[in-house]
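Have a look at the structure below, then the notes.
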Amino acid sequence: MNNKSASYRCAEEAIRNACLVISVLLIGSLVALSQTTQSGALPSWNDGVVKNAILNFVARATTLGSANFVPLDRRIAVFDNDGTLWTEKPIYTQLAFALDRVKQLAPQHPEWKNKQPFQAVLEGDMKTLAASGERGMVELTMASHAGMTTDEFANMVNQWMITARHPRFHRPYTACVYQPMLELLSYL
């Protein structure tokens, strides 16, 4: 097996771990926030076809004796981990973490000032960073996520989530969630 494929697998695992840690933190925040929503199912949703389809589906799945009844221990709600639950513009939250981590590590790596994709990150050149493609993202992820235990990584992400702010909304990423999705998470 060559080093490149091992490196890519390592980066993919680091990305999965980062997504898992960030997802757990966000979902915890979402659940806490959802408990403060108005009473009633999906109160911020507009009445219409989509809201009615959700309400009817849940009624069918939870009504004992219904042909579509699903026992409680077999019910699973699955949500896509992207703009459905958290902001993904102007960049994905996971990428924002990696970019901040590269900037934090930069003093220990003076060579990054002249090496892409690190140079693009340090100069805030998102066009050049985007041009680095998957290879550049893997390189950034490997550099920003390596050299620590899973617990150390989880603590680092947790601290970042506490202090990081969305570039447009200037709020913590955990506050950049969508009320309708909070309600749907709570409802399901």
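Within the range 72-101, if we keep just the residues that are among the small types (Gly, Ala, Ser) and assigned to a loop (DSSP other than H, G, I, E, B), the residue that is modelled with the highest pLDDT turns out to be Ala77.
Being part of a helix (DSSP H, G or I), aliphatic (A, V, I, L, M) and surrounded by 15 or more Cβ atoms within 10 Å (Cβ to Cβ): is that true of Val121 here? Walk me through how you get there before you give the answer.
Numbers: part of a helix (DSSP H, G or I): yes; aliphatic (A, V, I, L, M): yes; surrounded by 15 or more Cβ atoms within 10 Å (Cβ to Cβ): yes.
Taking the combined requirement at face value, the residue satisfies it.
Report yes if some residue within the range 144-161 is touching a strand residue (DSSP E or B) at 6+ places or on another chain (Cβ under 8 Å) and surrounded by 11 or more Cβ atoms within 10 Å (Cβ to Cβ); otherwise report no. There is at least one residue in the range 144-161 that is touching a strand residue (DSSP E or B) at 6+ places or on another chain (Cβ under 8 Å) and surrounded by 11 or more Cβ atoms within 10 Å (Cβ to Cβ). Might you check whether a residue that is at pLDDT 85 or above and in a loop (DSSP other than H, G, I, E, B) occurs anywhere in the range 22-42? Looking for residues that are at pLDDT 85 or above and in a loop (DSSP other than H, G, I, E, B), one finds at least one in the range 22-42, hence yes. Listed here are the helices (runs of 4 or more DSSP H) enclosed by the range 127-188 that have at least 2 residues being at pLDDT below 90 and of a type outside the set (Ser, Thr, Tyr): 179-187.
The values are calculated or read from the model by the stated rules, or taken from the named source; none is laboratory data. Predicted, not measured: the structure shown is a model, and the values here were computed from it. Because the Cβ atoms are built from the backbone with ideal geometry, glycine has one as well, and the counts that use them run over all protein chains shown.
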